[in-house]
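Here is the structure we will look at.
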Amino acid sequence: MTLAVEASSLTKQFGQIKALDGVSFNINPGEIYGLIGPNGAGKTTTLRIICTLIKPTSGSINIFGQDATKQPEKTRQIISYLPEESGAYPNLTGWEYLEFMAKLQSTPETNIKAVIDEAAQICGLGDRLKDRAKTYSKGMKRRLLVARALMTRPKLAVLDEPASGLDVLHAYHIREIVKRYVKEHGVTVLLSSHNMLEVEYLCNRVALINKGKLVVEGEPKALKTRFNSENLEEVFAKVVGYA
Amino acid sequence: MLKGFTTILVKELKELMRDPKILVGMIVLPLIMFPVLGLVMGYAVQSAQEQAQKATLLVVDNDNGNWSTLFVRYVNNSMNAIILNQTTPQTAVAEGLLQHYNSTTLVEIPAGFSANLSRHSAGELNITGTINVYSVFSGAGSIFSGFGGAVVSSIATGFNRAVAPDVVSVYQSSIIKGQIQEGVDASVLSSLMLSQSIALPITIMIMLTYAMQIAATSVAMEKEEKTLETLLTVPVDRFAILMGKVSSTIIVAGVASITVLIGYNYMLGSITGGIAGNIGSSIDMVALGLVPSVWGYTLLGISLFFTLLSALALAVVMSAFSENVRGAQAMVGYIYPLIFLPAMALIYLDVTSMPLAVQAIFFAIPYSHPIIASKAVVTGDYLTVILGIVYVAAFTIVIMYAASRLFATEKILTAKFRFGKRGKAKEPSD
Ligand SMILES: Nc1ncnc2c1ncn2[C@@H]1O[C@H](COP(=O)(O)OP(=O)(O)OP(=O)(O)O)[C@@H](O)[C@H]1O
Ligand SMILES: [Mg+2]
């Protein structure tokens with residue numbers, strides 16, 4: 001079976017800064033895979049490489065068997081990326097934003113209306129979708145963007161801190177949707193998060209990145225056992241503390 | 001068709017039209033600019049008129065009667081008149097007497113002038129005298145030519161007021177390229193030229209700066225609002241993103257420049273009393289070499305288009321190096337002198353009469369070319385225009401290539417240009 005993501009020895013150099021230093025991991029189709037790690041560890045950099053936004057300095061990255069570095073156009077057809085910091089066009093309404101993005105992500109067979117309706121369901125913004133995005137709160141914008149990332153049912157959804165800025169209920173709602181998408185539509189999810197509860201609840205497997213290196217990887221349960229910890233937060237503290 | 005181009009173009013236009021700043025700029029800018037320009041031009045016209053009053057006037061007196069002597073004396077009160085005898089305006093022009101006396105206006109008092117005026121004062125009120133005024137009109141440079149004729153007109157009015165209403169009428173003609181054009185009022189021509197040689201450079205200037213501002217904003221907005229990253233991961237051609245932005249800006253700039261032109265023509269109309277309208281039908285302006293031919297207008301349009309495109313592409317490239325809208329706008333601001341300088345200088349100066357080194361500078365600046373072209377198409381110097389278009393097109397291709405390269409790589413996301421303020425981006429180490 002082809003792997004959803006196959007990252008081998010990724011390194012990324014930004015001038016003097018070595019953001020990634022030989023990161024390798026594999027993600028199986030239908031899996032929810034979590035990246036955790038302290039600020040500046042290299043999570044976003046990893047996700048950006050996978051989403052064809054930046055090229056690795058060395059190493060290779062395959063998405064469903066395609067080399068993302070060499071064939072970025074093809075890769076973009078099967079992925080969907082939610083950047084950690086992102087926004088909507090302030091002068092477009094939420095609905096127009098979804099329509100715009102749906103058209104850009106569509107193939108000739110796509111039913112745009114159905115895609116937008118699905119996004120409206122996910123974000124739960126209701127009538128507020130008719131208002132311009134500049135009138136939205138931070139959390140409302142985030143819900144719109146999460147919906148945008150999932151609405152086309154990509155083969156791989158890459159979500160950089162999907163629930164950041166969301167209230168408890170909406171974060172819960174989003175988690176449910178991510179789970180459902182994986183189960184019902186066979187979407188593979190790669191996400192990064194600072195919320196260990198979220199990671200523990202959602203992810204089949206987790207990788208802990210620190211200072212550009214992948215330090216440990218495994219199922220949340222296995223990691224807890226291995227580090228003799230109550231929860232992932234403790235694992236995190238122990239690994240980063242000792243590393 | 002590039003995938004996604006139409007979708008992006010529509011979205012860009014929607015955004016632009018909803019941006020209050022753009023609507024304000026399109027309406028408020030002309031409203032503020034044109035009254036100011038009107039004041040300046042009013043002053044320029046006034047001083048040109050004063051100059052014209054000091055100028056020498058050639059008078060061909062073929063009447064040699066009491067009334068003509070009286071009229072010449074009256075004229076001499078306000079202008080310096082030189083009397084020529086035994087000649088016709090045609091001969092005087094052919095002999096180059098105007099150049100000889102450094103004058104631009106020639107007045108003929110035809111035979112029978114005094115007789116007519118005498119009959120008028122004897123009660124035959126429908127009999128009046130006519131004087132013929134011939135003003136030298138030169139298209140390039142002296143946009144205020146024809147004021148001599150206007151001054152003679154106003155002197156005649158003064159004379160009428162002193163003697164009897166409407167006793168002397170003035171028949172205006174022009175001397176264009178050494179040829180007398182009967183019945184063509186030189187001051188009408190100069191208002192037309194005024195609108196051509198000033199309106200066009202200023203419109204081009206505004207359009208270019210405006211378009212650059214919009215283009216820079218549209219790219220920087222994607223960065224500031226953090227929408228760019230998402231846009232770059234969707235399966236559309238990056239070139240379509242670039243072209244969508246450039247095209248929407250061209251459309252808005254086009255609309256803006258029409259607004260500007262309308263405002264400008266309105267202002268000119270209020271200065272010259274809507275003179276341009278009553279002329280076109282009576283004489284062939286193209287044949288006289290005063291306005292461009294259709295071919296000339298086409299070339300001018302092409303020149304403008306490429307210049308606009310090069311400016312837009314440059315603005316897109318520059319704004320890609322800034323992190324927010326303010327930075328992008330400041331960045332394109334560095335280009336403005338290159339737009340203002342040729343526009344302002346070429347209103348008054350002729351590029352071919354400059355020293356070679358200065359000429360080279362003007363030709364090297366892409367933004368000079370539509371302005372140079374606007375003059376060259378009138379004189380029929382199409383080669384200069386075509387070479388200019390080729391140069392600007394080449395320049396545009398280079399910039400567009402750079403822009404598309406920039407959009408194709410991660411530099412569009414990571415490129416940052418800071419003015420010596422290093423270390424600003426350094427994250428606090430934890
Ligand atoms: N465009 C860039 N130019 C220079 N350095 C960069 C750039 N992007 C990231 N870096 C550096 O790369 C390192 C990794 O950054 P990255 O954004 O991947 O961290 P992260 O794990 O996502 O952190 P956070 O939890 O804060 O989001 C950091 O040291 C950062 O300063
Ligand atoms: Mg990050």
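On the basis of being free of Cβ contacts under 8 Å to residues at least 60 places away in the same chain, crowded, with 18+ Cβ neighbours inside 10 Å and within 16 Å of ligand 1 (Cβ to nearest atom), does A:I61 make the cut? First the steps, then the outcome.
Details: free of Cβ contacts under 8 Å to residues at least 60 places away in the same chain: yes; crowded, with 18+ Cβ neighbours inside 10 Å: yes; within 16 Å of ligand 1 (Cβ to nearest atom): yes.
Answer is yes for this residue.
Please work out if A:V239 is among the β-branched types (V, I, T), more than 14 Å from chain B (Cβ to nearest Cβ), open to solvent by less than 50 Å² (accessible area, probe 1.4 Å) and within 16 Å of ligand 1 (Cβ to nearest atom).
Numbers: among the β-branched types (V, I, T): yes; more than 14 Å from chain B (Cβ to nearest Cβ): yes; open to solvent by less than 50 Å² (accessible area, probe 1.4 Å): yes; within 16 Å of ligand 1 (Cβ to nearest atom): yes.
For A:V239, the condition - among the β-branched types (V, I, T), more than 14 Å from chain B (Cβ to nearest Cβ), open to solvent by less than 50 Å² (accessible area, probe 1.4 Å) and within 16 Å of ligand 1 (Cβ to nearest atom) - is met.
Would you kindly identify the helices (runs of 4 or more DSSP H) lying entirely within the stretch B:171-243 that contain at least 3 residues that are open to solvent by 10 Å² or more (accessible area, probe 1.4 Å)? Lay out the reasoning, then the answer.
Details: elements: B:186-194, B:200-224, B:228-231.
Because the criterion is at least 3 residues that are open to solvent by 10 Å² or more (accessible area, probe 1.4 Å), the helices (runs of 4 or more DSSP H) in the stretch B:171-243 that meet it are B:186-194, B:200-224.
Looking at (1) of a type in the set (A, V, I, L, M); (2) within 12 Å of chain B (Cβ to nearest Cβ); (3) within 16 Å of ligand 1 (Cβ to nearest atom), can you tell me which one A:A102 breaks?
Failed condition: (3).
So which residues in the stretch A:8-47 are out of contact with any helix residue (DSSP H, G or I) (no Cβ under 7 Å at 6 or more places or on another chain), open to solvent by less than 40 Å² (accessible area, probe 1.4 Å), within 14 Å of ligand 1 (Cβ to nearest atom) and of a type in the set (A, V, I, L, M), if there are any at all?
Answer for the stretch A:8-47, where residues must be out of contact with any helix residue (DSSP H, G or I) (no Cβ under 7 Å at 6 or more places or on another chain), open to solvent by less than 40 Å² (accessible area, probe 1.4 Å), within 14 Å of ligand 1 (Cβ to nearest atom) and of a type in the set (A, V, I, L, M): A:A41, A:L47.
Take A:P56 and decide whether it is touching a helix residue (DSSP H, G or I) at 6+ places or on another chain (Cβ under 8 Å) and closer than 30 Å to B:M17 by Cβ.
Numbers: touching a helix residue (DSSP H, G or I) at 6+ places or on another chain (Cβ under 8 Å): yes; closer than 30 Å to B:M17 by Cβ: no.
For A:P56, the condition - touching a helix residue (DSSP H, G or I) at 6+ places or on another chain (Cβ under 8 Å) and closer than 30 Å to B:M17 by Cβ - is not met.
May I ask you to list the residues in the stretch B:63-92 that are of a type outside the set (F, W, Y) and touching a Phe, Trp or Tyr at 6+ places or on another chain (Cβ under 7 Å)?
B:D63, B:G65, B:S68, B:I82, B:P89
List the strands (runs of 3 or more DSSP E) inside the stretch A:141-217, counting only whole elements, that have at least 1 residues being more than 14 Å from every other protein chain (Cβ to nearest Cβ). Step through it out loud before you land on a result.
Details: elements: A:156-160, A:188-192, A:205-210.
Correct list: A:188-192, A:205-210.
Yes/no per residue for (1) free of Cβ contacts under 8 Å to residues at least 60 places away in the same chain; (2) closer than 23 Å to A:A68 by Cα:
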| position | (1), (2) |
| --- | --- |
| A:D131 | yes, no |
| A:T135 | yes, no |
| A:D160 | no, yes |
| A:S164 | no, no |
| A:I177 | yes, no |
| A:K221 | yes, no |
| A:S229 | yes, no |
| A:A237 | yes, no |
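Out of A:E234, A:E184, A:E217, I need the residue that is within 16 Å of A:P38 (Cβ to Cβ) and away from ligand 2 (no atom under 16 Å from the Cβ). Which one?
Details: A:E184 fails: within 16 Å of A:P38 (Cβ to Cβ); A:E217 fails: within 16 Å of A:P38 (Cβ to Cβ).
Exactly one of A:E234, A:E184, A:E217 is within 16 Å of A:P38 (Cβ to Cβ) and away from ligand 2 (no atom under 16 Å from the Cβ), namely A:E234.
Please specify each residue of the stretch A:82-95 satisfying the condition of being over 22 Å from A:T52 (Cα atoms) and either more than 7 Å from every other protein chain (Cβ to nearest Cβ) or among the small types (G, A, S) (or both).
Selection gives A:T93, A:G94, A:W95.
The values are calculated or read from the model by the stated rules, or taken from the named source; none is laboratory data. Just so you know, these numbers come straight off a predicted model, no measurement behind them. Heads up, the Cβs are rebuilt from the backbone with ideal geometry, glycines too, and the neighbour counts pull from every protein chain shown. The accessibility values were calculated without ligands, DNA or RNA, using every heavy atom of the protein model including side chains. Shrake-Rupley method; radii C 1.70, N 1.55, O 1.52, S 1.80 Å.
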